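Comments concern the structure below.
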Amino acid sequence: MRILLGFFLAALSITGFAATFVFGGALTKECGVSPEVLSFLRFAIAGGAMLAAGAATAKGRARLASPTRGDWLEMAWLAPVGTCIMAWCVFKGCARVSTANASMADALTPLMIYLVDALVRRRVDVKGLCGLASGFIGAVLVIQIVDGNGLKLNAYSMGDVYILLSAATWGVYTVFGKRLNRKLGSSVFTTWTMLLGAGMIGLVLPFGDFAWPSAPKSWALVGGLGLISTLMSFWTWNAAQKYLRTSTLAMTAYFTPVIAMAMGIAFLGEGVTWLQWLGTAFIVGSAAIETRGRDG
């Protein structure tokens, strides 16, 4: 039951993260909003909403006040890595590359989490590595980075570098934040890292010429980015860490391209190639390999 709950939370998280590339692409390319402003707004909205919800009860206020001095020092470096730097890299990437290329962040994230976790533990799990490799192959087929005509990734695009950096920073946040997340609880950990991240970005905004949302459409997209792709996604991702191994949770990110593909079929009438179905099979195989073990 605990594992099922963990996968349910992970499913909500990756669905919201999948929408990040849609919101981010529209806001940076069509609406012209600066990546720095988007990074600030998404965490200010989500963190503010979580703070208000937590402070509504005496128990919630006590939990929000529970971090020790050492916890605050730890969150002080986790917050910029896992929120403002990660988000800035994502939006810089969204502004420069296609949605498919930007989705590589989700294909790379499990590998980055695995590498960081392996460095911390100084141990390589061969079975886990096989599962991650299977999932990565599946992800690049589903998002059509690789198709019958070969590799379509713009290898020398700076946007792709930003996407790589976003995956790396998320890996560090997930692995190094797991202990504190379990100690404080996902709500408290998510609330404070979001607000700390927003505050750090906010310090630089007055000193640059950044474009803010102006039209109602822009603000509606920002609202979706803050509540769906940030509040829901971050909280459920951190909450899932209580029930799933780090490597298993990381593997679920491979399903983000599959969800995007399903949305394209259902709402846009898009077709599916045989290579995309093959990629889905690889991802399912990755899940089977990763979950054939105890969680912890």
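FYI, it's all coordinate maths here, none of it is from the lab. Since the structure is predicted, the reported quantities are computational estimates derived from the model, not experimental observations. All Cβ positions, glycine included, derive from the backbone under ideal geometry; neighbour counts span all protein chains shown.
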Checklist outcome for this item: region 188-210 scanned against label point 7 Å out from Ala62 along Cα→C-beta; backbone N under 16 Å for 188
Checklist entry - Considering only Cα-Cα distances, which of the following residue pairs are longer than 27 Å: Lys59/Lys178; Lys29/Lys242; Lys217/Lys242? => result Lys29/Lys242; Lys217/Lys242
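Tell me, in nm to one decimal, what length is gained between Leu203 and Leu278 on full extension, where the rule is 0.36 nm per residue of separation less the Cα-Cα distance? Mind dumping the intermediate values first?
Details: separation 75, 0.36 × 75 = 27.00 nm, distance 4.67 nm.
Length gained between Leu203 and Leu278: 22.3 nm.
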